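The values are calculated or read from the model by the stated rules, or taken from the named source; none is laboratory data. None of the values given here were measured: they were computed from a predicted structure. Glycine also receives a Cβ, built like all others from the backbone with ideal geometry; neighbour counts cover every protein chain displayed. For the accessible areas, the whole protein counts, side chains as well, though only heavy atoms, and no ligand, DNA or RNA atoms are used. Shrake-Rupley method; radii C 1.70, N 1.55, O 1.52, S 1.80 Å.
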Amino acid sequence: MKKITLFMFFCSCLSFGQTFYDLNTIQTIEITFAQSNWDALLDAAEASDAYIEAQSVSINGVVYNSVGAKYKGNSSYNASQVKNPWHLELDTYVDQNHEGYTDIKLNNVIFDPTFVRETLGYKILGNYMDVPLANYAKVYVNGTYIGLYTNVESISKKFVYNRFGSKTNAFFDCSPPAGAGPTTTNLPNLAYLGTSSTSYETAYDMKSDTGWDDLITLTNVLSTTTSTNTANIEAVLDIDRTMWFLAFHNLFVNLDSYIGQFKQNYYLYKSNNGQFNPVIWDLNMNFGVFGSTGSSTGGPGGGPGGGTLTTTQKKQLSHTTHLTETAWPLVNKLLAIPTYKKRYLAHYKTMLAEVVATNGSEYFLTDAQAMQTLISTAVSTDVNKFSYQTTSNFTNNLNSTDVTVTMNTAPGINGLMSARYSYLTALSDFTATQPGISNLTLSNTAPAIGTSVNVTATVSNTNYVYLGYRTEKNEIFTKVQMYDDGAHNDGASGDGVYGASMPITTISTQYYFYAENTNVGIFSPARAEHEFYTVTGTYPTITPGDLVINELMAQNTSTVTDPHGDYSDWFELYNNSSTTLSLDYLYASDDTTNPTKWQFPLGLTIAPNSYLIVWADQDLTQDGIHADFKFSAAGESCVLSYSDGTVVDTVDFGAQTANMGYARNPNGTGNFVIQAPTFNANNESLSISSEVFNQSLKTYPNPTSGNLTIENSQFNIEKVEVYNLQGQLLYSNKYENSNLLNLDFSGYSNGMYLVVINSNTNIKIIKH
């Protein structure tokens, strides 16, 4: 029994772009055009969104030739300015990538005197939901320094695959394709506009091959959402991510967003679980630069008549802005549901405590100051930065000084957030006492897969508690109510201990707790569902030697076909034991440095003294058992192991000969030799089938220091091959009417060799 005992905190954030998007490093990107009029060419191509071929792009000294380049942006692009935003596409003309990335988005830091709003915003939000990575890059064109840019990960199909596990589902850029402006009437606010996709096409830019029906379904379900039918919206929208999404925009006064006038700058991707996931984009006007919510209700929550908010109004932006306005259905419909509003407040309070409070674990000002220290020299030498990005504004706008940026006002960031903290924490929604969750306990910290574990927590000041759990990152959490009634393994009724049962169906089960009262909710861990606890199940494991890799073929061109009729690489397992072995949670690989390439299907077993064939061909959709790797005929490895690193068996092999098996002889226990294949059969069967031939066969002397004589007085010797123990073919010859022949071993090194006679008789020869 594998005994892994884990009751641990697990962050669901993945490690991407550790070099290219490292926040502590400024990237150097050098673009070279063959044409001297490159800027005019890019300006001319901007209207049609076309690429101009750059001769090369160097990223930190690594050169990529023939790269697609274009200007991008709406209000951030202007033909009269030198410092325009870029989109570089490394694989437009040549199949190439940098650390797996093909699309590079470089933003020109417009409207931000501090240079930190965008990178800081993504760093903050990355603790709570999936976001693009972002850092800084110094950009040069034809040797001239253009300026310091923010380098932001593209929200592409690669992005959604890395975060959500798929890339072919419905995928939308929720910003009007033609750009948003004061006269734009159709905006991506997720309002239901009927069943025709043409009603949505001017507001949303579809990035997938299909998906309009999915988006229309989402808007339709949202339009009818009430407290009595929440299962419908939860089937098509990730509510938890949406609450983080809305809370972030509001807390940090990011109004060039869904909660602003234009209701834009986000993406939606539909996971395989059926839910759309919101992803935030474009944070350069974060921390209050964009000044309009678009609200027509007036007052601190919206700005009179949809006009521009003053800095004071931004500081006092209501946390429920748009609650009563149907033009923002995500807010209007979802926050009208009491339990959703309580979850929203729980997430809002978490960010407020962790990021805005001066003693918070992620205090924003500390990070912002570190960013400015890193980039100060690059900013000071940026001659193309905007007029409001002066040396004094660089520092002062991070503190409390407001700066006019074109038609907007950039509030002093620390002044804005300090005032928001004071304003918000005085409101009744934030002074209300949250439930308390403590003493989290599992009845078994190493439960066996196929059993259940009792989960308890001490919860105070609550009237409802639930446990959320799932087995995969991109699954929907199952939510079960926890009870303090003495009937759910929770102790005595009314003692403040709540209990529920959680099934353990696979190795890893992720879970969290949520509690609410009449006013507000709380999560444990606080950043759930983005972060969660994990318990690891136990399962029976195979003792090394009981299951072995018995034979393999790394170059099958004519020996045997798989169920699909293909000649595929294969390996054979053999059960040496007297019991049936389960292959649950066992992995196979051709690479000892990446041993968990492919997991055996759950429920697969192998009977005592039996064989199992696995096709190593990466054809996972075909009938039969197919591994997600292929062998190299030049030689590599085959390894069986568990995810904790326990190795059941491993075989290293050298260059292989087409249609010859590399097999244990004796079967199941012996060393590996090259021989004619014994597919799904005893590796010694070749010798048994040639028993009559072998009765009259003589090989001498053995050991030999020179010549080896092979003699058979009764049968012809038709073919002889000599292999070393690494499986390399050293000699091969065919004969006619030969009963006696001599092989010269004098040129071989001392050691053991395999002589294969007539393709079915194997003789071990020692050279000394």
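What dipole magnitude, in Debye to the nearest 20, does region 541-643 give about its Cα centre under +1 on Lys/Arg Cβ and -1 on Asp/Glu Cβ?
220
Assuming R0 = 41 Å, can you tell me the calculated FRET efficiency for the pair residue 35 and residue 230, based on Cβ-Cβ distance, to the nearest 0.05?
E between residue 35 and residue 230, to the nearest 0.05, is 0.10.
Counting only heavy atoms of the protein chains, get the accessible area per residue of the chain (1.4 Å probe) and round it to a whole Å² value.
39
Listed highest first by mean packing, meaning other Cβ atoms within 10 Å per residue, what order do 419-431, 571-583 come in?
Ranked by mean Cβ neighbours within 10 Å, highest first: 571-583, 419-431.
If the chain between residue 669 and residue 370 were fully stretched, how many nm would it gain, using 0.36 nm times the residue separation less the Cα-Cα distance?
Gain on stretching residue 669 to residue 370: 101.5 nm.
Could you grab the relative contact order for the chain? Cα pairs under 8 Å, six or more apart, rounded to a whole percent.
That works out to 9 percent.
Separation between the residue 157 and residue 700 pseudo-spin-labels, each 7 Å from Cα along Cα→Cβ, expressed in nm?
Between residue 157 and residue 700, the label points sit 7.0 nm apart.
Using Cα atoms only, what is the angle between the long axis of helix 338-351 and the major principal axis of the chain, expressed in degrees (0 to 90) to the nearest 10?
80
Would you kindly state how much longer the chain becomes between residue 709 and residue 452 on full extension, computed as 0.36 nm times their sequence separation minus their alpha carbon distance, in nm to one decimal?
Result: 85.7 nm gained on full extension.
Considering Cα pairs under 8 angstrom that are at least six residues apart, work out the relative contact order of region 157-280 and quote it in whole percent.
With pairs under 8 Å counted, the relative contact order is 30 percent.
Just check region 39-141 against the gyration tensor rule for me: Cα atoms, a ≥ b ≥ c as the square roots of the eigenvalues, rounded for a/c under 1.5, and otherwise prolate or oblate depending on whether a/b exceeds b/c.
Since a/c reaches 1.5 but b/c is at least a/b, the shape of region 39-141 is classed as oblate.
Once both labels are modelled 7 Å past Cα along the beta-carbon direction, what's the residue 50-residue 432 spacing in nm?
5.8
Let a ≥ b ≥ c be the square roots of the eigenvalues of the Cα gyration tensor of region 410-490; is it rounded (a/c under 1.5), or, if not, prolate (a/b larger than b/c) or oblate?
prolate
Using only the alpha carbons, work out the radius of gyration and Dmax of the chain in angstrom.
Considering the chain through its Cα atoms, Rg and Dmax are 33.4, 109 Å.
What's the extension gain from residue 750 to residue 24 if we count 0.36 nm per residue and subtract their Cα-Cα distance?
255.7 nm
Each residue of region 185-200 in order: what ³J(HN,Hα) in whole Hz does its phi give by Karplus 6.51 cos²θ - 1.76 cosθ + 1.60, θ = phi - 60°, with x for Gly and Pro?
Coupling constants for region 185-200: 9, 10, 10, x, 8, 6, 6, 6, 10, x, 9, 8, 5, 4, 6, 9 Hz.
Ordered by packing density, taken as the mean number of other Cβ atoms within 10 Å over each peptide's residues, highest first, how do 464-470, 360-366 rank?
Result, highest mean Cβ count within 10 Å first: 464-470, 360-366.
Which residues in region 662-681 place their backbone N less than 11 Å from a point set 7 Å from the Cα of residue 647 along the Cα-to-Cβ direction?
Label zone hits: none.
Apply 1/(1 + (r/R0)^6) to the Cβ-Cβ distance of residue 390 and residue 564, taking R0 = 45 Å, and write down the FRET efficiency to the nearest 0.05.
Efficiency at R0 = 45 Å is approximately 0.10.
Would any residue of region 446-461 have its amide N under 20 Å from a label point 7 Å out along Cα→Cβ of residue 485? List them or say none.
453-461
Defining a contact as two alpha carbons under 8 Å apart and six or more residues distant in sequence, what relative contact order in percent does region 60-120 show?
Contact order relative to length: 29 percent.
With both partners inside the chain, how many of the DSSP beta bridges are antiparallel, as a percent to the nearest 5?
Once the DSSP bridges in the chain are tallied, antiparallel ones form about 90 percent.
Applying a 10 Å radius around every beta-carbon, put 25-31, 338-344 in order of their mean neighbour count, most first.
The most tightly packed comes first, giving 338-344, 25-31.
Under a plain spin-label model, where a point goes 7 Å from the Cα along Cα-to-Cβ, how far apart in nm are residue 95 and residue 473?
Label-label distance for residue 95 and residue 473, simple model: 2.6 nm.
Kindly state, to the nearest 0.05, the FRET efficiency for residue 183 paired with residue 492, given R0 = 45 Å and r defined as their beta-carbon distance.
Efficiency, rounded to the nearest 0.05: 0.10.
Roll a 1.4 angstrom probe over the protein heavy atoms and tell me the percent of accessible area of the chain that is carbon or sulfur.
48
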